[in-house]
Amino acid sequence: MSDVSTELGNAGTAIRKANDEGRAALVGYLPAGYPTVDGGVDAIKAMVDGGVDVLEIGLPYSDPVMDGVTIQRAAEIALAGGLRIRDVLGTVEKVAAYADLPVLVMTYWNPIERYGVDRFAVDLAAAGGAGLITPDLIPDEGAEWIAAADKNELDKVFLVSPSSTDARIGLTTASCRGFVYATAVMGVTGARDQASDLAAPLVARTKAATGLPVGVGLGVSNADQAADVAAYADAVIVGSAFVKALNAGGPAGVRSLTESLAEGVRRERSTPVAR
Amino acid sequence: MTAVLPDQLGHFGRFGGRFLPEALIAPLDELTTAWQQAMADKTFTDEFERMLREYAGTPSLLYDATRLSDIVGARVLLKREDLNHTGAHKIRNVLGQALLTKRMGKTRVIAETGAGQHGVATATACAYLDLECVVYMGEVDTERQALNVARMKLLGAEVIPVKTGSRTLKDAINEALRDWVASVDNTHYLLGTAAGGHPFPAMVRDFVRGIGDEARAQSLELLGRLPDAAVACVGGGSNAIGLFAAFVPDTEVKLYGIEAGGDGYETGRHAATITAGQVGVLHGARSYLLQDEDGQTIESHSISAGLDYPGVGPEHAWLAETGRATYRPVTDAAAMESLRLLARTEGIIPAIESAHAIAGTLEIAKELGPEATILVCLSGRGDKDMDTAGEWFGLIDGTGKA
Ligand SMILES: Cc1ncc(COP(=O)(O)O)c(C=O)c1O
């Protein structure tokens, strides 16, 4: 790919830096505003202190159809506490100032459309944000966001799924900047005991379509699972498990889970991961 | 089929489309193909028509409501969808989609329900066609529509009360979508209204459009001409689009959608989605919705569980924006007054949803004058609403005088 360096964008560059060390990157998710705006910032900083490579900050939404109960509850609590989009941008700003790593926002589409797509892109870039992960926006409907992201040099992370046809994977990866988010299971977010056997073939199909890094998320919750996924993926994405760790042990719990997952993604791979 | 919309990706102008997780996109493509092939296959359409005729009892009557007309001050024709099997227009859509489920080789059906009419119709079709059935229903609605919960269970469906968010229809849809993402291999999501991601708005419209196709032919036979206006209540919009579809090309027929005005539009406690007029994305499509400044969905309020939804199907958004149809709210109080009016004048107890259409007709008749003939979709019967009506009119404790 001739322009692979621009497509790598912010998050892709950080992931490749980890890959160059012979390991997968660790991507950590927590929602903004949970349990409070300041408490959320502290929890996210704890992921940084524990050794995460890329951050995803969730924008709590009233109708999160891709989320299981853990993240749903967190979003409900954040919104009941009066969280506004400006607080999410404030969280991004504080975290980006604290950490020298890419800070993405993960959001359902309607809040962005309502805020104004261009306006959000400008404000996110100004806050030091790296881009968006959009679980309910497909590139087919994403022209306005794609244009705004390109203008503001933001990452556009779209999702691929085990059900995606090769044609759709081609279309989706061609629209991504940063990395490609591969959902490991057919289902919503939530920690799972069982590793998914759908993820590895999906990563292989995705890598056949793009030179971008591929991150795998949905269901990863501990160091062993992270190590399993790190054996074939460029990045391991963890979300619900961080919310649970925060519920159980506060920022210290988040930090210790991060350290454990960071160890998981550094375990020796039996074979190098193809780019 | 005369409709040229939506386009290939499900757009009605700037509305519609697909705003859903990628995991559902390939399954929605498969559904689109299966539906289009089925509609082009005479064995499918013949079987669908046979079931509608022999099982659901359509075509439903077009009833010349002369006593009601005297009070309304214009001639009112009622399209009696309340007489269909299971008591509402919903059975049409359900039989179409359930038959399609069979054709696709899926064995499990999930559905959302508000009033419970769609849930009952789905449970009925699943019993009839031997499909496993799970219905998601907001906890609030399981309480105010308890009769329908019992009906669904008797028909063999599992009813799952949804306890998240506002615990009404919108949250039942969220929960059904979460189920579907994980189960789409063997499960069809039998969506109950003309909303959602493509192909649902167009597919549901085409399965329910018999309402208007029949009423158009029945009007021509009865009147020798078309009615001056067609009126229907709008929740997600299925009975309304089912009525309107046949008349959209007849520009001399005015189309009116009646939204749930709850406590009154000005109080903010309502479900008048189009009247409130903000464009956004909810449950898979771009349309009008009730939302705050940050794009968070605002909870709707209506005495009618079937209209208590902060979104609306995208084709209605398009009909509103192009001016082809007009949408206006009526309050809970006006709807309940009309429910009693229809009961007292015609001996017909309508669903509270349908009573909104009657209340809207009272206003529209004043504007159109005594020479006008107004076709109204009586989308369902009121048995399920007797608790609510009993409380409203004070009938339960025996002291009230309805
Ligand atoms: C009798 C009846 N009418 C109308 C509706 C509203 O739905 P729609 O707008 O899809 O027709 C319902 C929904 O439950 C209903 O039961």
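The values are calculated or read from the model by the stated rules, or taken from the named source; none is laboratory data. Model, not experiment: these values are computed from the prediction. Note that each Cβ is placed from the backbone with ideal geometry, even for glycine, and that neighbours are counted across all protein chains shown. Note: accessible area is taken over every heavy atom of the protein model, side chains too, but ligands, DNA and RNA are not part of it. Shrake-Rupley method; radii C 1.70, N 1.55, O 1.52, S 1.80 Å.
Rundown of residues vs (1) within 16 Å of the ligand (Cβ to nearest atom); (2) in a loop (DSSP other than H, G, I, E, B); (3) modelled with pLDDT of 95 or more, yes/no style:
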site	(1), (2), (3)
B:Val140	yes, no, no
B:Met152	yes, no, yes
B:Gly156	no, yes, yes
B:Asp171	yes, no, no
B:Ala176	yes, no, yes
B:His188	no, no, yes
B:Leu191	yes, yes, yes
B:Gly196	yes, yes, yes
B:Pro201	yes, no, yes
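Listed here are the residues, each with its yes/no results for (1) more than 17 Å from the chain's Cα centre (by Cα); (2) within 12 Å of another protein chain (Cβ to nearest Cβ).
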| position | (1), (2) |
| --- | --- |
| A:Asp49 | yes, no |
| A:Ala75 | no, yes |
| A:Leu83 | yes, yes |
| A:Thr91 | no, no |
| A:Ile146 | yes, no |
| A:Asn152 | yes, no |
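Give all pairs with beta carbons closer than 6 Å in which a residue from segment B:13-25 that is on the phi < 0 side of the Ramachandran plot meets a residue that is open to solvent by 10 Å² or more (accessible area, probe 1.4 Å) and part of a strand (DSSP E or B); count only pairs at least 6 apart in sequence or on separate chains. That search, which allows pairs on different chains as well, returns B:Phe15/B:Arg286; B:Glu22/A:Leu159. Can we say B:Val184 is of a type in the set (A, V, I, L, M), open to solvent by less than 50 Å² (accessible area, probe 1.4 Å) and within 16 Å of the ligand (Cβ to nearest atom)? Answer is no for this residue. Inspect all residues belonging to segment B:90-105 and state whether any of them is open to solvent by 30 Å² or more (accessible area, probe 1.4 Å) and within 12 Å of the ligand (Cβ to nearest atom). Yes, segment B:90-105 contains at least one residue that is open to solvent by 30 Å² or more (accessible area, probe 1.4 Å) and within 12 Å of the ligand (Cβ to nearest atom).
The residue pairs whose first member lies in segment B:236-253 and is not assigned by TED's automatic domain parsing to the domain that holds B:Asp171 and of a type in the set (A, V, I, L, M), whose second member is open to solvent by less than 10 Å² (accessible area, probe 1.4 Å) and within 9 Å of the ligand (Cβ to nearest atom), and whose beta carbons are closer than 6 Å, counting only pairs six or more residues apart or on different chains, are B:Ala240/B:Ala232; B:Ala240/B:Val234; B:Ala240/B:Gly257; B:Ile241/B:Ala194; B:Leu243/B:Ala232; B:Leu243/B:Cys377.
Against the conditions (1) more than 16 Å from the ligand (Cβ to nearest atom); (2) closer than 25 Å to B:Gly313 by Cα; (3) crowded, with 18+ Cβ neighbours inside 10 Å, B:Arg75 satisfies every one except (2). In segment B:325-340, which residues are open to solvent by 40 Å² or more (accessible area, probe 1.4 Å) and more than 24 Å from B:Gly242 (Cβ to Cβ)? Across segment B:325-340, the qualifying residues are B:Thr331, B:Ala333, B:Glu337, B:Arg340.
Do we find a residue being touching an Asp or Glu at 6+ places or on another chain (Cβ under 8 Å) and in a loop (DSSP other than H, G, I, E, B) anywhere in segment A:242-261? For segment A:242-261, residues touching an Asp or Glu at 6+ places or on another chain (Cβ under 8 Å) and in a loop (DSSP other than H, G, I, E, B): absent. For segment B:115-138, which residues satisfy the criterion of being open to solvent by less than 10 Å² (accessible area, probe 1.4 Å), touching a residue at least 40 places away in the same chain (Cβ under 8 Å) and away from the ligand (no atom under 16 Å from the Cβ)? B:Val134 - this is the single residue of segment B:115-138 that is open to solvent by less than 10 Å² (accessible area, probe 1.4 Å), touching a residue at least 40 places away in the same chain (Cβ under 8 Å) and away from the ligand (no atom under 16 Å from the Cβ). Has segment B:9-26 got at least one residue that is in a loop (DSSP other than H, G, I, E, B), over 20 Å from the mean Cα position of the chain (by Cα), buried (at least 21 other Cβ atoms within 10 Å of the Cβ) and within 12 Å of another protein chain (Cβ to nearest Cβ)? There is at least one residue in segment B:9-26 that is in a loop (DSSP other than H, G, I, E, B), over 20 Å from the mean Cα position of the chain (by Cα), buried (at least 21 other Cβ atoms within 10 Å of the Cβ) and within 12 Å of another protein chain (Cβ to nearest Cβ).
For segment B:225-238: of the residues being within 17 Å of B:Glu214 (Cβ to Cβ) and open to solvent by 10 Å² or more (accessible area, probe 1.4 Å), which is nearest to the ligand (Cβ to nearest atom)? Can you show your working first?
Let us first name the residues in segment B:225-238 that are within 17 Å of B:Glu214 (Cβ to Cβ), namely B:225-227, B:230-232, B:238.
If we keep only those that are open to solvent by 10 Å² or more (accessible area, probe 1.4 Å) too, we end up with B:225-226.
Numbers: B:Arg225: 27, B:Leu226: 22 Å.
Top of the filtered list is B:Leu226.
Any residue that is touching a residue at least 60 places away in the same chain (Cβ under 8 Å) and either β-branched (Val, Ile, Thr) or open to solvent by 30 Å² or more (accessible area, probe 1.4 Å) (or both) - is there at least one of those in segment A:190-203? For segment A:190-203, residues touching a residue at least 60 places away in the same chain (Cβ under 8 Å) and either β-branched (Val, Ile, Thr) or open to solvent by 30 Å² or more (accessible area, probe 1.4 Å) (or both): present.
A single member of B:Tyr309, B:Tyr327 is within 15 Å of the ligand (Cβ to nearest atom), part of a strand (DSSP E or B) and in contact (Cβ under 8 Å) with a residue 12 or more places away in the chain, and it is B:Tyr327.
In segment B:290-323, what count of residues is obtained for those that are at the interface with chain A (Cβ under 10 Å from one of its Cβ atoms) and within 30 Å of B:Glu391 (Cα to Cα)?
Of all residues in segment B:290-323, those at the interface with chain A (Cβ under 10 Å from one of its Cβ atoms) come to B:291-299, B:310-311.
Remaining after also requiring within 30 Å of B:Glu391 (Cα to Cα): B:297-299, B:310-311.
Total satisfying the criteria: 5.
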